[in-house]
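The values are calculated or read from the model by the stated rules, or taken from the named source; none is laboratory data. Owing to the predicted nature of the structure, the values given are computational and were not obtained by experimental measurement. As a convention, Cβ positions derive from the backbone with ideal geometry for all residues, glycine included, and neighbour counts pool all protein chains shown.
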Amino acid sequence: ENLRIADVCTGTCIEVANTQFMNPNAFIFLYENHLFLTFRDSQVQVWNFKGELVTSFEDHLLWHPNCNTNNIFITQEQDLIVSYCKPNAEGSEKSAASINVSSILTGKCQAKLGQGQGDEEEEMDASLVLRSPGGNRVSGDAALGDVTALFYNEERNEIYTGNAS
């Protein structure tokens, strides 16, 4: 079925063919930017209310294809998305999981925290800190094992992860 975007103030309706817009598994409305994020098959895209694709993300393939929003965080200014991701390369193992921080407006990866990374200076943004739910600083290897929940504390610039075990 085609995407229909209705303006409730004016009564106008824009229709986008299903060949351009595939029905997503989920979406998040970004009211500050008058945009919406769509999630389908591990992919994230940004659309405007004219039915135009605004952004596709580089190096931002969600680990869970069914879009569990527990693994996604949108900043208060709605300019960054923080997500639990897998590598883009085919056949990569789960040990290569990462937390990616990307610009919503440009799709560019701003920071990537992953397993097997060395010292902080090798990270794209060494000011980001990974912490366990107890508040202890942890390595990427320890923090990225089968993540089922993710939270980003914007005031402290810290990422918290949790898992089912």
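Only residues that are modelled with pLDDT under 85 and surrounded by 14 or more Cβ atoms within 10 Å (Cβ to Cβ): list them for segment 6-23, please. Once the filter is applied, which keeps residues that are modelled with pLDDT under 85 and surrounded by 14 or more Cβ atoms within 10 Å (Cβ to Cβ), segment 6-23 yields only PHE21.
A count restricted to segment 32-52 and to residues that are in contact (Cβ under 8 Å) with a residue 24 or more places away in the chain and not charged (D, E, K, R) stands at 10. Counting only strands (runs of 3 or more DSSP E) that sit wholly inside segment 70-146, those with at least 2 residues that are under 14 Å from the mean Cα position of the chain (by Cα) and modelled with pLDDT of 60 or more are 72-74, 80-86, 98-103, 109-114. Report yes if ARG156 is farther than 16 Å from THR69 by Cα and modelled with pLDDT of 65 or more, otherwise no. Against the criterion (farther than 16 Å from THR69 by Cα and modelled with pLDDT of 65 or more), ARG156 qualifies.
Step by step: first the residues of segment 40-60, then only those that are in a loop (DSSP other than H, G, I, E, B) and under 16 Å from LYS108 (Cβ atoms), then the one that is nearest to the chain's Cα centre (by Cα). Which residue is that? The selected residue is HIS60. With the requirement that a residue be more than 16 Å from ILE74 (Cα to Cα), polar (S, T, N, Q) and under 23 Å from the mean Cα position of the chain (by Cα), what does segment 1-39 give you? If the condition is that a residue be more than 16 Å from ILE74 (Cα to Cα), polar (S, T, N, Q) and under 23 Å from the mean Cα position of the chain (by Cα), then GLN20, ASN23, ASN25 are the ones that fit.
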